[in-house]
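Structure, as structure tokens:
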Amino acid sequence: MKITIIGTGYVGLPSGVGFAELGQEVYCVDNNAQKIAMLQKGEVTLFEDGLADMLERNLASGKLHFTTDLPFAVKQADIVILAVGTPPHPVTKEADLQYIEAAVKDLAPHLSGYTVVATKSTVPVGTGDKLEKIMRDINPSADFDVISLPEFLREGFALHDFFYPERIIVGTDSERARKLIQQLYLPFKNSRLVFVNRKSSETIKYASNAFLAIKLNYINEIANFCEKSGADIEEVALGIGLDSRIGSKFLKAGPGYGGSCFPKDTVAMSYMARQWGLKMPLVDTAIAENDQRQIDMAQRVLALCPVANAKIAVLGLAFKNGTDDCRTSPAVKIVSELLQHNTDITAYDPQAMQTAQTLLGDKIKYADSAEQAIAGSDIVAVLTEWPEFADINWEKAGQTMKHKIIVDCRNLLPMAEIERLGFEYHGIGRGKK
Ligand code: UDX
């Protein structure tokens, strides 16, 4: 089968490489010629574990192509997957459809033979109808179906989630599209392939992410409760997570959620509801509480600084471990808040130094290692859950600090061990403050 994927970002690139790995002929299209040139040379343009090797292998096999020539790639395709960005509108925060509408306007004239056009980007409910109308107006004789094929890839784990999806949701009423998709997903024997109508599929994506965002807010609220009650959030999370109706995942208290999905999708869902005169208080509260959480975390660090304009070492800038992505990163938002009151900040992140610099510029200093950031500091703030931060030789690192204070916003470090080393350790939700 020939697949064309438009957009080579965090969704399009792992998906394209993944389909090539499964033996499909894949054309990845992007209008960024520089990015395409890099990919053609086998240079990955984003960090995802395992992506570089898989990209190289499939370029060598001749199954994977990168091009800026959208017409050519569309003419080849049995399926065209739309994986372009749908960022929040800067003012209204609704999902901005300019890029996906431009993509379908570009591709419509070049459809040849029956083609399935699949929206993988997260789009407001009803967008499939809108895109279908745009294409039919441009090319009335084209033979195609527009389907919803939402992605559920977690950044940092995109290839894992591509090859081992818990479910594949397909929004279509077309029997022909259904047959083609069933053929495409034959290798995914252990995944549930679920066919629903297009609007249900578009809604599932938002409802899924909004629920996870609410669940994260809930555990952070319980962490606050634990700080007053004297309980330990790690133990409480373990205890409630054993109830299969709650489940143990997404119960890790932290500085709030970030990334390019939850913040965008919750706001977009609330916007859609408001257009229909509907309130979504749970989603709206999750949005507001999550935004406030980074401010609260920054205030905690500032309150624990032992001296004026303390030297703060920040460990982690990406929105979570496993990725270089700093879009709506809680760590970056906390650093920005700290900078309102403190100017001596040195940060280290294993993957996100470059992406963070585009956001923070020279307002902070960037270390080459965690140890270098820690040296000479008055306080360390752990903001991203990179496992390597727990592997630091904290006994040695502590000796290089002016004051041995740690604010662990991810409860990443072993509290008892760190306190035994003589640190003043502050986790979140770890009992009475
Ligand atoms: C999410 C959804 O999980 C994925 O299904 C969807 O397709 C895209 O959006 P992603 O945004 O990549 O994926 O990250 P995810 O792993 O879900 O984490 C989101 C945020 O929540 C991160 O900032 C992470 O640090 C935080 N988080 C996650 C917690 O604070 N605690 C947790 O227990 C889990």
Single condition Gln40 does not satisfy, out of (1) open to solvent by less than 40 Å² (accessible area, probe 1.4 Å); (2) of a type outside the set (A, V, I, L, M); (3) over 21 Å from Lys179 (Cα atoms): (1)
Single unsatisfied condition, Pro306 versus (1) open to solvent by 30 Å² or more (accessible area, probe 1.4 Å); (2) touching a residue at least 60 places away in the same chain (Cβ under 8 Å); (3) assigned to a helix (DSSP H, G or I): (3)
From the list Leu412, Leu317, exactly one residue is in a loop (DSSP other than H, G, I, E, B), within 16 Å of the ligand (Cβ to nearest atom) and open to solvent by less than 10 Å² (accessible area, probe 1.4 Å). Which is it? Leu317
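Determine if the stretch 134-150 includes at least one residue that is open to solvent by less than 30 Å² (accessible area, probe 1.4 Å), within 16 Å of the ligand (Cβ to nearest atom) and in a loop (DSSP other than H, G, I, E, B). Walk me through how you get there before you give the answer.
Here is the first cut: in the stretch 134-150, the residues open to solvent by less than 30 Å² (accessible area, probe 1.4 Å) are 135, 139, 142, 144, 146-150.
Still in the list and also within 16 Å of the ligand (Cβ to nearest atom): 148-150.
Still in the list and also in a loop (DSSP other than H, G, I, E, B): 149-150.
Yes, some residue in the stretch 134-150 is open to solvent by less than 30 Å² (accessible area, probe 1.4 Å), within 16 Å of the ligand (Cβ to nearest atom) and in a loop (DSSP other than H, G, I, E, B).
For the stretch 201-211, which residues satisfy the criterion of being over 16 Å from Lys120 (Cβ atoms) and either open to solvent by less than 50 Å² (accessible area, probe 1.4 Å) or modelled with pLDDT under 95 (or both)? Talk me through it step by step, then tell me what you get.
Filtering the stretch 201-211 down to residues over 16 Å from Lys120 (Cβ atoms) leaves 207, 210-211.
Of everything in the stretch 201-211, those that are over 16 Å from Lys120 (Cβ atoms) and either open to solvent by less than 50 Å² (accessible area, probe 1.4 Å) or modelled with pLDDT under 95 (or both) turn out to be Ala207, Ala210.
Give the stretch 368-397 a look and list any residue that's surrounded by fewer than 19 Cβ atoms within 10 Å (Cβ to Cβ), closer than 27 Å to Lys252 by Cβ and in contact (Cβ under 8 Å) with a residue 24 or more places away in the chain, or say none.
Of the residues in the stretch 368-397, the ones surrounded by fewer than 19 Cβ atoms within 10 Å (Cβ to Cβ) are 368-369, 371-372, 375-376, 387-388, 390-393, 395-396.
Among the residues that remain, those that are also closer than 27 Å to Lys252 by Cβ are: 369, 371, 387-388, 390-393, 395.
Of everything in the stretch 368-397, those that are surrounded by fewer than 19 Cβ atoms within 10 Å (Cβ to Cβ), closer than 27 Å to Lys252 by Cβ and in contact (Cβ under 8 Å) with a residue 24 or more places away in the chain turn out to be Glu371, Pro387, Glu388, Ala390, Glu395.
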I need a count of the residues in the stretch 91-115 that are surrounded by 22 or more Cβ atoms within 10 Å (Cβ to Cβ), at pLDDT 95 or above and either closer than 25 Å to Ala268 by Cβ or within 16 Å of the ligand (Cβ to nearest atom) (or both). 4
Considering each residue of the stretch 225-258, count those that are within 15 Å of the ligand (Cβ to nearest atom), open to solvent by 50 Å² or more (accessible area, probe 1.4 Å) and either free of Cβ contacts under 8 Å to residues at least 24 places away in the same chain or over 26 Å from the mean Cα position of the chain (by Cα) (or both), and give that number. 4
Checking Gln182 against (1) assigned to a helix (DSSP H, G or I); (2) assigned by TED's automatic domain parsing to the domain that holds Val104; (3) surrounded by 15 or more Cβ atoms within 10 Å (Cβ to Cβ): exactly one of these is not met. Which one? (3)
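The values are calculated or read from the model by the stated rules, or taken from the named source; none is laboratory data. Just so it is clear, the model here is predicted, and its values are computed rather than measured. Reconstructed Cβ throughout: ideal geometry from the backbone, glycine too, with neighbour counts over all protein chains shown. Accessible surface is based on the protein model in full, side chains and every heavy atom, while ligands, DNA and RNA are left aside. Shrake-Rupley method; radii C 1.70, N 1.55, O 1.52, S 1.80 Å.
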